[in-house]
Amino acid sequence: MTKAYNKTILTLNGGSSSIKFGIYKNEETPVQILTGKIERIGLHNVFLTYNDINIGRENFQPVNAVNIQEAVGFLMEWFEKKIEFENLLAIGHRFVHGMEHTDAQIITAALLDELQKIIPYDPDHLPGEIELVNAFRDKFPNLPQVVCFDTNFHTTLPGVARMLPIPRRFDDLGIRKYGFHGLSYSYLMSELINLGEKAAINGRVILAHLGSGASLAAVLDGRSIDTSMGFTPAGGFMMGTRPGDLDPGLAAIIMKKESLTAEQFSDLINHQCGLLGISETSSDMHDLLENENSDSRAMEAVNLFCYQVKKWIGSFAVVLEGLDVLVFSGGIGENAPAIRSRICEGLKFMGIDLDEKLNEKNKTIISSARSKVTVYVIQTNEEIMIAKTVCRILNL
């Protein structure tokens, strides 16, 4: 098939509190020509940030979006003014959960019907992701759309890591560990290879995607063998508004104490816990770091986050039987030297030793020359992985 070089691909990445997007020129390797995002959806001071790569200037625009649905409506109007849709070949979407669906594929009505049925398993992501698909299907019904599942990276998990200690009849329903942030992890592994890191192919790597949603992955010889999130993205360690793993007995106690329905409890653990629940002020790590010296609740939220991430790093080092590489990524992992420093503090016994000057400068390698573990800071790029997948699936 002759490659349509003058055409473009739109990538959409709907998160729990953000929508990221990119426009890619359809080259041998897709070339980004526009990037943008709406972040802090549901919080104050919501902005659309976008950058035309050719101009090289970042632009800001305030957005009135108290939820994902309003953000989608705003973006559709903005896209119509900015995108030359006659040149658009296809749209690629990141979907967090697909349960038994893990391979990237063209979106059909039948697939959407199946994904609609599992919304209760991921109410924090699937509604907004499906809304983005439907918004474009309604306006451009003939434009092909491709879904890329975040769970695909973790299909290599061994049975012992995938199994949940609950009655086997639930496994028959597909309730088991899936793991998420797979597009980010795939990109990070490819970047490690590009950087000449041998451990990415033959070694022990821990990937830390730390953002509003956060998880770790243990990677052995290039294959995911464990990850912190479980059946839903609410598991693992604490995040912006999610608690991570909880004593399961608390569910009945909390629901009874506050007379919560199952839906209300789901809203509690997806939107009211984590950094927000502990600080009682914000789910945003930047806000908490700014206020921790004057607000003990903010300090406790930051400290608990770092403490829990540190524990997971230790547990995954045991699973891997050692550690060669640690990678920080995601909004917090890429931009918060103080958080990286606190997480790594006290881990010299594992061979982790940061060079604080390199860390403060957000250098690619922030470990010291004497560190036995190489510590990287790598800006993730889920959108380029989506664009490449669209080209592969549609043979563009």
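No value in this document is a laboratory result; all are computed from the given coordinates. Because the structure is a prediction, the values reported are computed rather than measured. Reconstructed Cβ throughout: ideal geometry from the backbone, glycine too, with neighbour counts over all protein chains shown.
Test of the criteria: in the stretch 299-334, which GluC sites (Glu not before Pro) are in a DSSP loop and have at most 11 other Cβ atoms within 10 angstrom of their Cβ?
Working: sites: E300, E321, E334; in loops: E321.
Hits after loop and neighbour filter: E321.
Bins of 20 Å, beginning at zero and ending with the bin holding the largest distance: percent of Cα pairs per bin for the chain, please.
Distribution as computed: 27, 60, 13, 0 percent.
Which percentage, to the nearest 5, of the DSSP beta bridges contained in the stretch 198-377 is antiparallel? Could you put the intermediate results ahead of the total?
Working: 13 of 22 bridges.
Roughly 60 percent of the DSSP beta bridges within the stretch 198-377 come out antiparallel.
Fewest first, what order do L111, L326 take by the number of other Cβ atoms within 10 Å? Working shown, then result.
Working: L111 16, L326 28.
So the ranking, lowest neighbour count to highest, is L111, L326.
Taking other Cβ within 10 Å of each residue's Cβ, how do V146, V390 sort, fewest first? Before the final figure, lay out each step's value.
Numbers: V146 22, V390 28.
In order of increasing Cβ crowding within 10 Å: V146, V390.
Take the Cβ-Cβ distance between L164 and D138 as r, set R0 to 35 Å, and report the resulting FRET efficiency rounded to the nearest 0.05. Walk me through the intermediate numbers first.
Working: r = 38 Å, r/R0 = 1.09.
So the FRET efficiency works out to roughly 0.40.
If a/c stays under 1.5 just call it rounded; otherwise compare a/b with b/c (prolate if a/b is bigger, oblate if not). Do that for the stretch 198-377, with a ≥ b ≥ c from the square roots of the Cα gyration tensor eigenvalues. Don't skip to the end; give the middle numbers.
Working: a/c = 2.54, a/b = 1.50, b/c = 1.70.
Note, shape of the stretch 198-377 comes out oblate.
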